[in-house]
Amino acid sequence: MIGTPVGARCPTCAQVKRFSILLKPAELARAIGYGIGVGAIGTVILTFIPFLGLIGYAVLGFVVGEAVSVGANRKRVRELAPIAVACLFVGFEVGIVGLLGVRGVPFSIELVLTPIRALFGGSLLQGPLIGLLIGALLAWMRTR
């Protein structure tokens, strides 16, 4: 039996090409770009709406998972789940660094380390780590 997009079939009836269910490099690049972009924009928006807190980051994780799925042309492959989680955290980093860069903070190693310190209760976002972990779970489930 061969697994096909519509279910298991015998080898003579399947007639499915293995490459139709694999990710192409363009789809992978588009999925990563969409995921990081949505994560960065969502992080910037959430810094201006601080009362959303935990729920805001959970929703951001779901939206990042959806963006990665759309970028991969809605293919359900196992490689997309860790990519969605990574895009959420990288997007958080890019969003905070970009926001601080726009505010005039000079680029340095301190600027890059600020979001990492903020994860654990820094003064910037009041500790969004739990919200991002819930968001990571939702991003993982959205792409599986």
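The values are calculated or read from the model by the stated rules, or taken from the named source; none is laboratory data. None of these values were measured; they are calculated from a predicted model. Every residue, glycine among them, receives a Cβ derived from its backbone with ideal geometry; neighbour counts consider all protein chains shown.
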**Prompt:** Condition test on Glu66, is it modelled with pLDDT of 95 or more, of a type in the set (D, E, K, R) and surrounded by fewer than 22 Cβ atoms within 10 Å (Cβ to Cβ)?
**Reply:** yes
**Fill in**
With the first residue restricted to region 76-103 and required to be in contact (Cβ under 8 Å) with a residue 60 or more places away in the chain, and the second required to be part of a loop (DSSP other than H, G, I, E, B) and not aromatic (Phe, Trp, Tyr), Cβ contacts under 9 Å at 6 or more apart or on different chains are Arg76/Arg144; Arg78/Arg144; Leu80/Leu23; Leu80/Ala72; Leu80/Arg144; Ala81/Arg144; Ile83/Ala72
**Asked** Any chance region 59-68 includes a residue that's outside any loop (DSSP other than H, G, I, E, B), more than 17 Å from the chain's Cα centre (by Cα) and among the hydrophobic types (A, V, I, L, M, F, W, C)?
**Response** no
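May I ask you to verify whether Gly95 is in a helix (DSSP H, G or I) and either surrounded by 13 or more Cβ atoms within 10 Å (Cβ to Cβ) or at pLDDT 95 or above (or both)?
Spelling it out, Gly95 is indeed in a helix (DSSP H, G or I) and either surrounded by 13 or more Cβ atoms within 10 Å (Cβ to Cβ) or at pLDDT 95 or above (or both).
Tell me which residues, restricted to region 37-46, are surrounded by 15 or more Cβ atoms within 10 Å (Cβ to Cβ) and either over 11 Å from the mean Cα position of the chain (by Cα) or of a type in the set (D, E, K, R) (or both). Full working, then the answer.
Residues of region 37-46 that are surrounded by 15 or more Cβ atoms within 10 Å (Cβ to Cβ), as a first pass: 37-44, 46.
Those that are surrounded by 15 or more Cβ atoms within 10 Å (Cβ to Cβ) and either over 11 Å from the mean Cα position of the chain (by Cα) or of a type in the set (D, E, K, R) (or both): Ile41, Thr43, Val44, Leu46.
How about region 106-125: which of its residues are modelled with pLDDT under 85 and not in a helix (DSSP H, G or I)? Spell out the reasoning first.
Just the residues of region 106-125 that are modelled with pLDDT under 85, to begin with: 114-125.
Once the filter is applied, which keeps residues that are modelled with pLDDT under 85 and not in a helix (DSSP H, G or I), region 106-125 yields Phe120, Gly121, Gly122, Ser123, Leu124, Leu125.
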